[in-house]
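The values are calculated or read from the model by the stated rules, or taken from the named source; none is laboratory data. Here the structure is a predicted model, which means the values were calculated and not measured. Neighbour counts are summed over all protein chains in view; Cβ atoms, including those assigned to glycine, are modelled from backbone coordinates with ideal geometry.
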Amino acid sequence: MHKGADYKPIQNGQILSVWDTPQDPAADRIATGIIEGPGQTATAKQFEGQALLAMRMGKKRVIAETGAGQHGVAAATVCARFGLECTVYMGTEDMRRQSMNVRRMRLLGAEVVEVKAGTKTLKDATSEAIRDWVTNVETTHYIIGSVVGPHPYPEMVRDLQRVIGDEAREQYLSVDGKLPDAVVACVGGGSNAIGMFTAFIEDRDVRLVGVEAAGKGVKTGQHAASLVGGRPGVLHGSFSYLLQDGDGQVLPTHSISAGLDYPGVGPEHAYLHDTRRVEYVAVTDAEALAAFKLCTRLEGIMPALEPAHALHQAGLLAREMGPGGRILLCLSGRGDKDMDSVEIPAKSEASP
Amino acid sequence: MKVGEATRLENALRVNGDLKLVAYIMAGHPNQKKSIEVGKKLAASGIAAIEIGIPFSDPLADGPVIQKAGQVALEHGMNVAGALEVAGAIAGEGVPVVLMTYINPILSHDARKFAAEAAQAGVAGVIVPDLPVEESEPVAGWLRSASLDTVFMVAPTTSDARLETICEHSSGFVYCVTVTGTTGARKELPSGMKELFGLVRKHTNLPIAAGFGISRPEHMKALLGAADAAVVGSAIVNEIDHGRDPLPLVKELLKACR
């Protein structure tokens, strides 16, 4: 579908011209790696592409689901920018723990619809958005927030999202003259990761690491690590890895980060997992939280809890590689939204 | 595929002047015993076939009423094996039984085993709304091998090319989704639905069952002479959910079928 549209012309030029503002650089160079940076609309560059696609199809209304609220904010932002009506589905539980983003979406003019069904998180918000979409498909385009859902979404979102990987790869080559040793990204549905990995898939020497949410530990059953702890199944129109019980019922998930709190994962990740091109690991809530604090202290960059999982893994990798190791980490969102989920000590803690 | 003799379902839904009624219930709603009781009662009421839902945690095609019924059934431990017991008990009454569920519980149960066990229970056909016809093998093949009908759905948004493929792969009947959207009672049915029936008739001689949104006697009147059968789900499930006997509603709907 997206390939049938005037896809190439809107792919780079138009997207970048809309959002590349001087005070909002696409990449911050820090420490030993390049961090693909959290701009105002955080996770993704796919929204502009999808909004343009919606307009090309003559759709006046956009719907989206959101977990962490980042995707909802991004959708609301592009809709405000292009004058499209916007409805965002969000689980009750996520509205509570990501209330700042709820306010941002409303400020941007979006309607936020509370989803009280099931687990009250991303999975049920996605189901509700799909139901809206099949009902109002004549007027409405559904911007899925990840590389999940029915075809052609996983492919389309990857193609739009890969801008971040292509840019990062180019920057590495132009600044360092060579590619990174490893690329690390967190994986919920897996859009930021696939966007980053796609550019490096053919670079066989570059190690690719996807980091899932181990919640309270994969063995406890309270986690969201579909690839590490699930088995193949169908949810939301694609066949991939899925957290499910013995009867094929989708299991409730747990993660400290709303954006990773999803029982499925994009089908291309299942392929990259099975073919072993990408290593998938899982990082617990506690580890992610420690990385969140450490990064805030050391770098002055407060990461979102989602990429904080990847940060923990990057730390392990860095120790493994030793000095001179070069790691590209996708810092797919900023942590302001997570201030309510993170216990901040009343007094400042001693420096680590 | 539609070669060979007409199947049990096809014969049951073949129109002979009247509109046929297909009643839907959810296995295990409000519990296994009661769903068998209600199903047996409906089987004897004059309906042409009964559709039995197997609950799934994420029923994308369903509106609030059937979603809730599924949740209640799951909370009572209903699963594929339990639903096949319900289906078997109701099929024993002689009415053709169609199972309706999503692909993941079938895959998880093992699709080949599911086909054999459903046939053993006396089931006539299976509807899987999230199994697109393009991806339906090998599951559909296993169902056919077990002499089960594979009922695929068409919607107002289905392209003509896909419509043809869906009709080719369907047996028993073709399920025409009358509305764009999910299951659930509607006040009015869309005016364009008869055009969809016309398009389907161009591609197949199978009976056409209309479903989604159908809940009232006046809907039956509107479908009489246009479709072969009407599937009523949410309206019946809603009666059961409120602890009421759905039989009066079904009788009223049946009266409007003539």
Please work out which one of (1) hydrophobic (A, V, I, L, M, F, W, C); (2) out of contact with any helix residue (DSSP H, G or I) (no Cβ under 9 Å at 6 or more places or on another chain); (3) surrounded by 24 or more Cβ atoms within 10 Å (Cβ to Cβ) is the condition residue B:44 fails and give its number. (3)
Within the stretch A:223-266, can you find the residues that are over 18 Å from residue A:186 (Cβ atoms), in contact with a strand residue (DSSP E or B) (Cβ under 7 Å, 6 or more places away or on another chain) and either more than 12 Å from chain B (Cβ to nearest Cβ) or among the hydrophobic types (A, V, I, L, M, F, W, C) (or both)? A:235, A:239, A:242, A:250, A:251
Please find, among B:77, B:70, B:82, the residue that is in contact with a helix residue (DSSP H, G or I) (Cβ under 7 Å, 6 or more places away or on another chain) and either within 14 Å of another protein chain (Cβ to nearest Cβ) or modelled with pLDDT under 95 (or both). B:82
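Can you pull out every residue in the stretch B:157-188 that is touching a helix residue (DSSP H, G or I) at 6+ places or on another chain (Cβ under 9 Å), within 14 Å of chain A (Cβ to nearest Cβ) and at negative phi? Reasoning before the result, please.
First pass over the stretch B:157-188, keeping only residues touching a helix residue (DSSP H, G or I) at 6+ places or on another chain (Cβ under 9 Å): B:157-158, B:160, B:162-174, B:176-186, B:188.
Then keep just the ones that are within 14 Å of chain A (Cβ to nearest Cβ); that gives B:157-158, B:162, B:177-184, B:186.
Result: B:157, B:158, B:162, B:177, B:178, B:179, B:180, B:182, B:183, B:186.
Hey, among the residues in the stretch A:183-198 that are crowded, with 24+ Cβ neighbours inside 10 Å and touching a Lys or Arg at 6+ places or on another chain (Cβ under 6 Å), which one's modelled with the lowest pLDDT?
Across the stretch A:183-198, the extreme among qualifying residues is A:195.
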Among (1) closer than 20 Å to residue B:180 by Cα; (2) within 10 Å of chain B (Cβ to nearest Cβ); (3) in contact (Cβ under 8 Å) with a residue 24 or more places away in the chain, which single condition is residue A:123 missing? (1)
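Could you say which residue among A:78, A:148, A:175, A:88 is of a type in the set (A, V, I, L, M), under 30 Å from residue A:313 (Cα atoms) and away from every other protein chain (no Cβ under 14 Å)? Let's see the steps before the verdict.
On the way: A:78 fails: under 30 Å from residue A:313 (Cα atoms); A:148 fails: away from every other protein chain (no Cβ under 14 Å); A:88 fails: under 30 Å from residue A:313 (Cα atoms).
Being of a type in the set (A, V, I, L, M), under 30 Å from residue A:313 (Cα atoms) and away from every other protein chain (no Cβ under 14 Å) holds for just one of A:78, A:148, A:175, A:88, which is A:175.
Tell me, please, whether a residue that is of a type in the set (Ser, Thr, Tyr) and more than 15 Å from residue A:281 (Cα to Cα) can be found in the stretch A:214-225.
Going through the stretch A:214-225, the residues of a type in the set (Ser, Thr, Tyr) turn out to be A:220.
Imposing the further condition that a residue be more than 15 Å from residue A:281 (Cα to Cα) reduces the set to A:220.
Yes, the stretch A:214-225 contains at least one residue that is of a type in the set (Ser, Thr, Tyr) and more than 15 Å from residue A:281 (Cα to Cα).
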Does residue A:73 qualify as being within 12 Å of chain B (Cβ to nearest Cβ), buried (at least 23 other Cβ atoms within 10 Å of the Cβ) and touching a helix residue (DSSP H, G or I) at 6+ places or on another chain (Cβ under 6 Å)? no
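Of the residues that make up the stretch B:89-112, is at least one acidic (Asp, Glu) and away from chain A (no Cβ under 14 Å)? Walk me through it before giving the result.
Taking the stretch B:89-112 and keeping what is acidic (Asp, Glu), we get B:93, B:110.
Keeping just the survivors that are away from chain A (no Cβ under 14 Å) gives B:93.
Yes, there is a match, as at least one residue in the stretch B:89-112 is acidic (Asp, Glu) and away from chain A (no Cβ under 14 Å).
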Scan of the stretch A:278-310 for residues that are within 25 Å of residue A:229 (Cα to Cα), of a type in the set (A, V, I, L, M) and in contact (Cβ under 8 Å) with a residue 24 or more places away in the chain, ordered by number: A:278, A:281, A:282, A:283, A:288, A:289, A:291, A:304, A:305, A:308, A:310
Options B:116, B:87; residue that is small (Gly, Ala, Ser), within 17 Å of the chain's Cα centre (by Cα) and in a helix (DSSP H, G or I): B:87
Within the stretch A:201-214, is even one residue within 14 Å of chain B (Cβ to nearest Cβ), touching a Ser or Thr at 6+ places or on another chain (Cβ under 9 Å) and either surrounded by 20 or more Cβ atoms within 10 Å (Cβ to Cβ) or assigned to a strand (DSSP E or B) (or both)? no
Could you tell me whether residue A:179 is free of Cβ contacts under 8 Å to residues at least 24 places away in the same chain, surrounded by fewer than 22 Cβ atoms within 10 Å (Cβ to Cβ) and of a type in the set (A, V, I, L, M, F, W, C)? no
